[in-house]
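Notes follow the structure.
The values are calculated or read from the model by the stated rules, or taken from the named source; none is laboratory data. Just so you know, these numbers come straight off a predicted model, no measurement behind them. Note that each Cβ is placed from the backbone with ideal geometry, even for glycine, and that neighbours are counted across all protein chains shown. For the accessible areas, the whole protein counts, side chains as well, though only heavy atoms, and no ligand, DNA or RNA atoms are used. Shrake-Rupley method; radii C 1.70, N 1.55, O 1.52, S 1.80 Å.
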Amino acid sequence: MTTVTKDTLIGDILDIDKDTAPYFLEMGMHCLGCPSARGESLEEACMVHGVDVNELIAKINKHLAEK
C-alpha cells in the first residue's frame, strides 16, 4: 500500500488511484488535468485552497487502505 504525505504530488496520487479525484474536487481543486495542478504537492494545493493538509492526508490514506 502506498502512503500519501504532504510532499506527495497530486499527479502521483491520481496515478495511484483515480478514485481519489473527488477529494480534490471537494476542496475546490477543479483543474486536476492541468500540468501545474498535477505537479503540485499535496501541501501546496492545500495551502492555496485553504484546506487542512493533515485532514486530507488522513482521508486519502484511509481511502487507499480500503482498496
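Brief remarks on what is shown
- Full-extension gain in nm, Leu25 to Ala65, via 0.36 nm per residue minus C-alpha separation: 12.4 nm
- Translational diffusion coefficient (Stokes-Einstein; Kirkwood radius from C-alpha pairs) of the chain at 20 °C, 1.002 mPa s, in µm²/s: 185 µm²/s
- For the chain: accessible area per residue (Å², 1.4 Å): 58 Å²
- Cα→Cβ-extended label distance, 7 Å offset, between Ile16 and Thr3, nm: 1.1 nm
- Placing +1 on each Lys and Arg Cβ and -1 on each Asp and Glu Cβ, with no other charges, gives the chain a dipole about its Cα centre of roughly 120 debye.
- Computed [θ] at 222 nm, helices only, for the chain once each DSSP H run of length n ≥ 4 contributes -39500 (n - 2.57): -15500 deg cm²/dmol
- Relative contact order %, the chain, counting alpha carbon pairs below 8 Å whose residues are six or more apart: 45 percent
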